[in-house]
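Novice: Here you go, one structure.
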Amino acid sequence: MQSFELIRPRGIDGILSDWHPGDAFIAGGTDLLQLMKNDVVAPERLTDLDNSDLHAISLVDGSLHLGALATMAEVAAHVDVKREWPVISQALLLSASPQVRNMGTVGGNLLQRTRCGYFRDVGFDCNKRRPGSGCPALRGDNRELAIFGGSSHCIATHPSDLPVALMALDAQLDLAAPGSGTRRLPLAQFYRLPGDTPHIETALRPGEMITNVVVPPGPHARNSLYVKVRDRTSFAFALVSAAVGLAVSDGVIRDARIALGGVGAMPWRLPHVEAALRGQRADTSVFETAAARAGDGAISAGLNKFKIELTRRTVLRALRTVAA
Amino acid sequence: MIVGQSIERLDGRLKVTGRARYAAEFKPPNMAHAVLVQSTVAAGTVAGIDTTAAKAMPGVLQIMTSANAEKLNLKGASVLQPLLQGNEIFHNGQHVAIVIATTLQQAQAAAARVRVRYNPAEAVTMMEAALNQASVPRNFSNGRAEPDSRTGDPDAAMTSAAVRVEATYTTPIEHHNPMEPHATIASWDGDRLTVWTATQGISGAQLTLASLFGVPKENVTVICPFVGGGFGCKGTNWPPATLTAMAAREVNRPVKLEVTRQQMFTSNGYRARTIQKLKLAANKDGKLLAIQHDGLAQTSMPEVGEFAEAVGLASRMLYACPNIGTSHRVVAINQGLPTYMRAPGEASGMFALESAMDELAVRLAIDPLKLRLANYANADATSGKPFSSKGLRECYEKGAAAFGWQRRTQAPGSMRDGRVLIGVGMATATYPTNRSPASAQIRMMPDGTAVVRSGTQDIGTGTYTTMAQIAADVLGLPLERVRVELGDSRLPPAPGSGGSMTTASVLPAVQSAAIQLRDKLFVLALARPPAAWGTAAKSDLRLENGVVQGPGAQVSFIDLVTREAVSFVEAAADVNPDAASKDHSSHAFGAQFAEVRVDPDLRTVKVSRWVGAFDCGRVISPKTARSQLIGGIVFGIGMALMEETRVDAETGRTVNANIADYLVPVNADVPEIETIFVEAPDLVTTGLGVKGIGELPMVGVAAAIANAVWHATGVRIRDLPIRLDKLLV
Ligand SMILES: Cc1cc2nc3c(=O)[nH]c(=O)nc-3n(C[C@H](O)[C@H](O)[C@H](O)COP(=O)(O)OP(=O)(O)OC[C@H]3O[C@@H](n4cnc5c(N)ncnc54)[C@H](O)[C@@H]3O)c2cc1C
Ligand code: SF4
């Protein structure tokens, strides 16, 4: 770890006016400090976001507003979240450990860096960490890496669970940048696929921060669920996870949302599977037909091949469970 | 009797209140901090190390590389290269420099600025790529066994047998990952060295350091009152401890070096990857006719050392079988030196043997437990020696009854709970009973407390507690009046805490010293007896509750010591293993019974029930013993289902060198564990009847789970760990 300065400005304006290149925001620090200790990143200055007044969880016109500094534990336990957007609460409760959830924040979780082992160890080459140095994971140990959205430059996955749920629910982000005010961006447009620039991961501009996450309500949100498949029962990242929401009335699927975690370069929506469900009867054979297509378009790098079949089975499990 | 009672461990309160001091927590004045720099290539040479930028950083005192490090005396050292003695690189993660600074943070910052240039060479990073280079180990089992064995004619028996099973089993590299990483503080005073270090063997560390630095053994003091887990990775004096002492000498002040979690994957050994070929032959009734067990294990390049994983030893003795062959070969590759890891040899070897036995049972359509009983051995099949004690039959019986084994239905997939697949499996456990010479000393103090002293270690297994128990019983003292001193090389010497032999080695020494001290107290009491004793002799006296009790009167220990006007009354004992033990085959045994639940679609495996019955000889402290059993089974669950160090083939560098990505079980992975003690005292090895207990309980766990997974799914997994991708077929 390299030495750094820590500043603790007040309010969003204070934070943004103080920002200059080379700074990094720190929220819970549960990911950033690991990366700093391993010399993966070495910011000269940390801007602590704790005095930003962005901790609130509230309902505005029926939509859920999550302050970027709300902790994972607070959001998971919130009664409105549990009732109207259960997939969010479940995704968080299946994330990390109680200790990490007490520290980790909504904003920090959306921006967690990949768990690709090559990225996190400076003893390896890695295009994401050192552009142009190569991607050893492509021909190396890629068991946990992406089958959707990767490129010949990087097949890292986005490792977080919360954004998978948010992606399924069409969440939007409020972003604030120095000098240019705030903007609202759909989460679907927030993450960038690696292409030939895997070091660029989001649409964030220099100095721009996440202030708020907005999640619309709906019957599909109320009837939603998160399934996470992993190598141990708790405290592990997803091999495959699925966030599903189904709006069903009179036995007919009116709306369907499916997003996957653990398999994509970003949280991965499955529009074709959703389309195969919409307007159909909510029964097993429909689920089976739709889930069978969940692996369409997947590309295996070798050791991660099993994820294609596991994706189909996870989606099927999620659909059957949420409809039960 | 305090021995045999379930008492609280004596170090428990110190540990949970943070007052137990571990190696890294000592604070000699003026201490500097060191950080290791490690290679990023697996083979070749260091072309140059640019330390200019790093040296200019705040607080940096010195940067040592092979260019300026002192030359050590390497004669007899078991780990050679990573001591900055040369430019050659033998594995990725080899130590190539050490940065010393005033604070830890300064040393870390500077270490990241050290630039190492390499002339890389072709590396062989995977054992599979060098199988044709397999060779006979130069030093097998520390000379206690031969690498190959053959009784009868296994090949001939194999060809004529009615039923045969032949399969290859593989086990991955695993790392010990104790909670406490390696840490050493070294301090020189002239040519006298003191080290506080996390070690399973203070005597070994003392000898090695003295030899490397060319000073008399007496000049080196090794201190280690507590160890936060070792599991074998603290058994040898690994390079970081030596490098710390080099650094301290170089900057002429005390230096502390804590190995990082990532560096724990390249600094202190690991369980070697193995490829094992098992052949079993039996007649139609399941009587074994032949066993052939051929093991290949990876090791490091010879310049670094050699370690041979002894996978086949249990196959030589476990079952009654007229024709048994075993062989061991090592494959040297560009990886660090492997070492002992909890139940070395048996943990990997018995996965193969006990999986193969299950496969044989399937082939014969015999209940797997009945197959074991049909081949129950009353003597060691290879050496022909009788067992010093064996309670395995009772382990099978009691374990099976507690587990409800008879409810098992034979066909795979035949037991379900709704859609969830249930499987049950069993396996045998065994581990040799080891014992080494040990010494102990006991002092009766003027305040009536006894101080028990031995240069052993408590690696978390309860040595403090069991030493106190034995002494308290012989001396007739309540436990709170016995104090134990260990973990200091100035104490009477004892063996390293490995091979499950601490109790069997140290307790007889404590007991013997206590008996002699009792005798001394009798003599002192009789020298000035109370009037009521009359002509009483030793045989009329006994020790109880801090007094010498004779007919009608007593003398307290306090009076005895104070009236002699000495600081203490002392007795000491050096004890050696009994000669009779050479004529016996000495082992602990057990039977493992597992139930797993497999998700029919997602193929996740969850261990849902466990019963383990163990013949671990006489149990001194049931509570700490049960902790060992539970811990061993949990360790085995990790081995079965998740532990694997994953190496990038191209660079030979570990991809998951952290405990977020190297998975071990969490509580949610572990079911209620029922343990049963079957006490078959081994009175041949020690008069106390104890056997080892630290490693036994993890043996057979992986096989029991693999067998249960087969029973649930019909899929036979011969390659650990059993992860869901292997079951998705
Ligand atoms: C062992 C372990 C297991 C874990 N398992 C899981 C898991 O299963 N699932 C899962 O989802 N997560 C898991 N996590 C990750 C954990 O959830 C994240 O570390 C956490 O969510 C990060 O939040 P933070 O507030 O601590 O972020 P920080 O570490 O403070 O920040 C992370 C990044 O986000 C940036 N940042 C933070 N807030 C903002 C903001 N408001 N605007 C702009 N930039 C910002 C920081 O600059 C930094 O780059 C695990 C972590 C550990 C250590
Ligand atoms: S997959 Fe991406 S993050 Fe991983 S090594 Fe390749 S470039 Fe780096």
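The values are calculated or read from the model by the stated rules, or taken from the named source; none is laboratory data. This one's a predicted model, so the numbers in the text were calculated from it and none came from an experiment. Every residue, glycine as well, gets a Cβ built from its backbone with ideal geometry; the counts of neighbours run over all protein chains shown. Each accessible area value is taken on the protein alone, full model and side chains, heavy atoms only, with ligands, DNA and RNA left out. Shrake-Rupley method; radii C 1.70, N 1.55, O 1.52, S 1.80 Å.
Novice: Going through A:Leu111, A:Leu46, A:Leu93 one at a time, which residue ends up being more than 16 Å from ligand 2 (Cβ to nearest atom) and either of a type outside the set (A, V, I, L, M, F, W, C) or open to solvent by 40 Å² or more (accessible area, probe 1.4 Å) (or both)?
Specialist: A:Leu93
Novice: Name the residue that is least open to solvent (accessible area, probe 1.4 Å), counting only residues in the range A:178-231 that are assigned to a strand (DSSP E or B) and modelled with pLDDT under 95.
Specialist: A:Gly181
Novice: Please verify whether B:Gln549 is farther than 30 Å from A:Leu239 by Cα, surrounded by fewer than 21 Cβ atoms within 10 Å (Cβ to Cβ) and not aliphatic (A, V, I, L, M), treating the condition exactly as stated.
Specialist: Values: farther than 30 Å from A:Leu239 by Cα: yes; surrounded by fewer than 21 Cβ atoms within 10 Å (Cβ to Cβ): yes; not aliphatic (A, V, I, L, M): yes.
The answer is yes for B:Gln549.
Novice: What is the one condition in (1) surrounded by fewer than 17 Cβ atoms within 10 Å (Cβ to Cβ); (2) more than 14 Å from ligand 1 (Cβ to nearest atom) that A:His78 does not satisfy?
Specialist: Failed condition: (1).
Novice: Given the conditions (1) of a type in the set (Lys, Arg); (2) assigned to a helix (DSSP H, G or I); (3) in contact (Cβ under 8 Å) with a residue 24 or more places away in the chain, report the number of the one that A:Arg113 does not fulfil.
Specialist: Only one criterion is unmet by A:Arg113, namely (2).
Novice: Another question about this same structure. What is the residue count in the range B:606-636 for residues that are within 14 Å of chain A (Cβ to nearest Cβ) and either surrounded by fewer than 24 Cβ atoms within 10 Å (Cβ to Cβ) or on the phi > 0 side of the Ramachandran plot (or both)? Don't jump to the end; show me each part of the working.
Specialist: To start, the set of residues in the range B:606-636 that are within 14 Å of chain A (Cβ to nearest Cβ) comprises B:606-608, B:634.
If we keep only those that are either surrounded by fewer than 24 Cβ atoms within 10 Å (Cβ to Cβ) or on the phi > 0 side of the Ramachandran plot (or both) as well, we get B:606, B:608, B:634.
Total satisfying the criteria: 3.
Novice: Confirm whether A:Ser234 is within 14 Å of another protein chain (Cβ to nearest Cβ), under 20 Å from the mean Cα position of the chain (by Cα) and surrounded by fewer than 19 Cβ atoms within 10 Å (Cβ to Cβ). If you could, list the steps in order and put the result at the bottom.
Specialist: On the way: within 14 Å of another protein chain (Cβ to nearest Cβ): yes; under 20 Å from the mean Cα position of the chain (by Cα): yes; surrounded by fewer than 19 Cβ atoms within 10 Å (Cβ to Cβ): yes.
When the stated conditions are applied, A:Ser234 passes them.
Novice: Which of the numbered conditions does A:Arg222 fail, given that it passes all the others? Conditions: (1) in contact (Cβ under 8 Å) with a residue 60 or more places away in the chain; (2) within 13 Å of ligand 1 (Cβ to nearest atom); (3) basic (Lys, Arg).
Specialist: Unmet for A:Arg222, out of (1) in contact (Cβ under 8 Å) with a residue 60 or more places away in the chain; (2) within 13 Å of ligand 1 (Cβ to nearest atom); (3) basic (Lys, Arg): (2).
Novice: Next question, about the same structure. Does the range B:661-683 contain at least one residue that is hydroxyl-bearing (Ser, Thr, Tyr) and in a loop (DSSP other than H, G, I, E, B)?
Specialist: yes
Novice: Count, please, the residues in the range A:77-110 that happen to be outside any helix (DSSP H, G or I) and of a type in the set (A, V, I, L, M).
Specialist: So the answer is 2.
Novice: Which of the residues that make up the range A:116-137 are within 11 Å of chain B (Cβ to nearest Cβ) and touching a residue at least 60 places away in the same chain (Cβ under 8 Å)?
Specialist: Of the range A:116-137, the ones within 11 Å of chain B (Cβ to nearest Cβ) are A:116-125, A:134, A:136-137.
Selection gives A:Phe119, A:Arg120, A:Asp121, A:Val122, A:Ala137.
Novice: Same structure again: Which one is farthest from B:Leu683 (Cα to Cα), of the residues in the range B:433-452 that are within 27 Å of the chain's Cα centre (by Cα) and surrounded by fewer than 24 Cβ atoms within 10 Å (Cβ to Cβ)?
Specialist: Among residues in the range B:433-452 that are within 27 Å of the chain's Cα centre (by Cα) and surrounded by fewer than 24 Cβ atoms within 10 Å (Cβ to Cβ), the one farthest from B:Leu683 (Cα to Cα) is B:Gln441.
Novice: Give the residue that is farthest from ligand 2 (Cβ to nearest atom), with candidates limited to residues of the range A:20-43 that are without any contact (Cβ under 8 Å) to a residue 40 or more places away in the chain and part of a strand (DSSP E or B).
Specialist: A:Ile26
Novice: Could you tell me whether the range A:18-37 includes any residue that is within 14 Å of chain B (Cβ to nearest Cβ) and more than 9 Å from ligand 1 (Cβ to nearest atom)?
Specialist: Yes: the range A:18-37 contains one or more residues that are within 14 Å of chain B (Cβ to nearest Cβ) and more than 9 Å from ligand 1 (Cβ to nearest atom).
Novice: May I ask you to verify whether B:Arg164 is open to solvent by 20 Å² or more (accessible area, probe 1.4 Å), under 30 Å from B:Met357 (Cβ atoms) and in contact with a strand residue (DSSP E or B) (Cβ under 8 Å, 6 or more places away or on another chain)? Working first, answer last.
Specialist: Values: open to solvent by 20 Å² or more (accessible area, probe 1.4 Å): yes; under 30 Å from B:Met357 (Cβ atoms): yes; in contact with a strand residue (DSSP E or B) (Cβ under 8 Å, 6 or more places away or on another chain): yes.
Yes: the conditions hold for B:Arg164.
So that you can scan it fast, the table gives a plain yes or no per residue for (1) within 30 Å of B:Lys15 (Cα to Cα); (2) among the hydrophobic types (A, V, I, L, M, F, W, C); (3) outside the structural domain of B:Leu683 (by TED's automatic domain parsing):
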site: B:Gly399; (1), (2), (3): no, no, no
site: B:Ala411; (1), (2), (3): no, yes, no
site: B:Ser414; (1), (2), (3): no, no, no
site: B:Val420; (1), (2), (3): no, yes, no
site: B:Thr428; (1), (2), (3): no, no, no
site: B:Ile442; (1), (2), (3): yes, yes, yes
site: B:Met445; (1), (2), (3): yes, yes, yes
site: B:Gly460; (1), (2), (3): yes, no, yes
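Novice: When only residues in the range B:319-340 that are in contact with a Phe, Trp or Tyr (Cβ under 9 Å, 6 or more places away or on another chain) and over 21 Å from B:Ile173 (Cβ atoms) count, which is least open to solvent (accessible area, probe 1.4 Å)?
Specialist: Among residues in the range B:319-340 that are in contact with a Phe, Trp or Tyr (Cβ under 9 Å, 6 or more places away or on another chain) and over 21 Å from B:Ile173 (Cβ atoms), the one least open to solvent (accessible area, probe 1.4 Å) is B:Tyr319.
Novice: Working only within the range A:280-324, note down all residues that are within 13 Å of another protein chain (Cβ to nearest Cβ), touching a helix residue (DSSP H, G or I) at 6+ places or on another chain (Cβ under 8 Å) and closer than 19 Å to A:Val252 by Cα.
Specialist: Scanning the range A:280-324 gives A:Thr284, A:Phe287, A:Glu288, A:Ala291, A:Val315, A:Leu316, A:Leu319, A:Arg320.
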